[in-house]
Every structure is written in structure tokens, then in C-alpha cells.
Amino acid sequence: MSNLQSDIDYMKSLAEAGGKGPLRNGATLFWAGLLYGLAAIGQYAMIVGWLPKSGAVSAFIWFGASIIFGIIATVFCLDRLRIKGSVSNRATASAWSAVGLGIVAFLISVAVIANIYQNFEPLSYLIAPVILLFYGMGWWVSAQMSGLGWLKLISLGSFVAAPAVSCLAGQPVQMLAYAGCLFLFAMVPGLVLMRAEKA
């Protein structure tokens, strides 16, 4: 029995050692934070009148950022498929894929409800905080799977930022605050992970 337990412990240690490794989704998060942060600044510029105020301009800003990000994310995804990742990387990639799908489903739900009630404005103020909540969940899973404790701080920061950004609902500055959060809780940690991957 003791030999069996020793074998189990040995296999467990091997599995745990093989499950860790540098996270390989830093580049995707860097570009998400950068592109959508810039889009939020563009939205702020439109709201305050620095850009023409129209739905077409807003759609151009956000769809433009999404198309560029989609291309970049696809390239990185194909690159990851060519490299056999660790268990933690596969689990983390799955979690962030779920985050992305959740954000898309949420945005579609907002559009449907706005269409039913013919009023998009109140719902639009929910978008930034809810997306930050999704980011918080993604970072929490990343922290648990990678063993990188500092990612828990990023996750908690995202969770705290969500209600804080909600307090700015109805004010143009909400978009600037959202941009700052994307830079802080997506672009910067993404850059750190990118550098760690190359080290």
C-alpha cells in the first residue's frame, strides 16, 4: 500500500510539474487592452464633440477595433496550436475563450434588450463594468492555473474597478476611466506576460 501511495505521489508531482509553464496568452491580452482602450478614448472624443456625434462613427470605432483584434487573436491562436502548451496554458486559453464568448453574448443581449425597449443609452453604461467583471474572472483562473500570485491582484483590481466605473454612468468620463482600466488590467499585465514568455 505504501508503494502504491508513493507511486501516486510521484505521478502527481510529475503532472503538477508538467502543468506549469509561462502563460502564452499575454500578447492577445496586450492587444485587447490597447485596441479597446484606444476605442474607448475614441468614444469619449465622440461624446464630447471632438469627433462627429453619430452612431456610424461609434460603430466604426468599435467594429474597427474588433476587426483588428480578431485578426491578431486568430494569428496568435493559430501560433499556439502549433506549439504543444502546458496544462495550465490550455486551461487558461479555454478560460479566456469563454470570457470572449461571454462578452460577445452579453453585447448581443444588450442590443436585443435595447431594441425591444428602443432605448440603448441606459444599457450602454453597463457595458464597461460588466466587461471588467469578465476580465476579473479570466485573470482569476489564470492566477490559479499558473501559480502567479500577482495575477490575483489584477483580478481583484478588475473586480473593484467594475463598480467604480459604474459610479460614472451617464458621464463622458466613464469612457476615459474604462480606457484606463483596460490599459491597467489588460495591456500592462499582457505585456508583462509577453516578456516572461520570451525570458
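Gain in length, ALA164 to TRP150, computed as 0.36 nm per residue apart minus the alpha-carbon separation, to one decimal in nm?
So the chain would gain 2.9 nm between ALA164 and TRP150.
How much length is gained if the chain between TRP50 and ALA111 is pulled fully straight, taking 0.36 nm per residue apart and subtracting their Cα-Cα distance, in nm to one decimal?
19.4 nm is the gain from fully extending TRP50 to ALA111.
Calculate how large, on average over all directions, the projected area of the Cα convex hull of the stretch 102-199 is; give the answer in nm² to one decimal. Write out the running numbers ahead of the final one.
On the way: hull surface 26.6 nm².
Computed as one quarter of the Cα hull surface, the answer is 6.7 nm².
How much length would be gained if the chain were fully extended between VAL57 and ARG195, taking 0.36 nm per residue of separation minus their Cα-Cα distance, in nm to one decimal?
46.2 nm
Given N residues in the stretch 51-135, what is its alpha carbon radius of gyration divided by 2.2 N^0.38 Å?
1.36
Can you tell me the mean projection area, over all orientations, of the convex hull of the stretch 110-151's alpha carbons? Units nm², please.
3.4
For the stretch 103-199, what is the relative contact order in percent, using Cα pairs closer than 8 Å and at least 6 residues apart in sequence?
25
Which whole-number value in Å² is the accessible area per residue of the stretch 77-163, probe 1.4 Å?
Each residue of the stretch 77-163 exposes 56 Å² on average to a 1.4 Å probe.
The values are calculated or read from the model by the stated rules, or taken from the named source; none is laboratory data. The model shown is predicted, which means the values in this text are computed figures rather than measured ones. For accessibility, only protein heavy atoms count, side chains too; no ligands or nucleic acids. Shrake-Rupley method; radii C 1.70, N 1.55, O 1.52, S 1.80 Å.
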